[in-house]
């Protein structure tokens, strides 16, 4: 997890889920960062973390001795099936900028899914998308016009439905909040029978 601002809002969003986790639940922290959210929310459970920064990955390995830790691009690791047999109860995507490529990697990868997975996303790119233009990689659109908030949300929900179907889960937006310059999302992915 990148420690990229709005820490208290991020912590509050994750706290209710963190309190409900049991000893068999696992957390996938796709961006280990400086470890502040790990310390505040995930330190009492086991899981896995990755970071592309060698120093942060080493620090995560030291401070999380019960966790699997990898140094590398989290999107590529998850897309390649890293720990695909682990049905993570929480997937935390607190990246710098946009979380969409990481969410897509999780949805597109062939992996064991928990009956319900809570996904946390930090979207620092939404305000830029609303002010500039959508990116083809995320939206499948080359429309050069800026998006208003309602259009961004409409396209985001359509994307969640499409990617949820790909992952064989019912992917729903449970909560969202705006804090400072970013949007924070809590998603629920319920495994389909």
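Assorted remarks:
- The residues of the range 104-124 that are in a helix (DSSP H, G or I) and over 20 Å from residue 68 (Cα atoms), listed by number, are 104, 107, 108.
- Among the residues listed as 9, 15, the single one being touching a helix residue (DSSP H, G or I) at 6+ places or on another chain (Cβ under 7 Å), on the phi < 0 side of the Ramachandran plot and modelled with pLDDT under 95: 15
- Checked against the criteria, residue 183 counts as part of a strand (DSSP E or B), surrounded by 14 or more Cβ atoms within 10 Å (Cβ to Cβ) and in contact (Cβ under 8 Å) with a residue 60 or more places away in the chain.
- Residue ranges of strands (runs of 3 or more DSSP E) in the range 1-93 with at least 3 members free of Cβ contacts under 8 Å to residues at least 40 places away in the same chain and farther than 24 Å from residue 115 by Cβ: 68-71
- All conditions but one from (1) touching a strand residue (DSSP E or B) at 6+ places or on another chain (Cβ under 7 Å); (2) buried (at least 17 other Cβ atoms within 10 Å of the Cβ); (3) farther than 17 Å from residue 184 by Cα apply to residue 72; the one that does not is (2).
- The range 18-32, residues that are crowded, with 22+ Cβ neighbours inside 10 Å and touching a helix residue (DSSP H, G or I) at 6+ places or on another chain (Cβ under 7 Å): 27, 29, 30, 31, 32
Every residue, every condition in (1) out of contact with any helix residue (DSSP H, G or I) (no Cβ under 6 Å at 6 or more places or on another chain); (2) modelled with pLDDT of 90 or more, yes or no:
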{"position": "93", "(1), (2)": "no, yes"}
{"position": "112", "(1), (2)": "yes, yes"}
{"position": "118", "(1), (2)": "no, yes"}
{"position": "121", "(1), (2)": "yes, yes"}
{"position": "124", "(1), (2)": "yes, no"}
{"position": "132", "(1), (2)": "yes, no"}
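The values are calculated or read from the model by the stated rules, or taken from the named source; none is laboratory data. Everything quoted here is computed from the prediction, not taken from an experiment. Cβ sites come from the backbone with ideal geometry, for glycine too, and all protein chains shown count toward neighbours.
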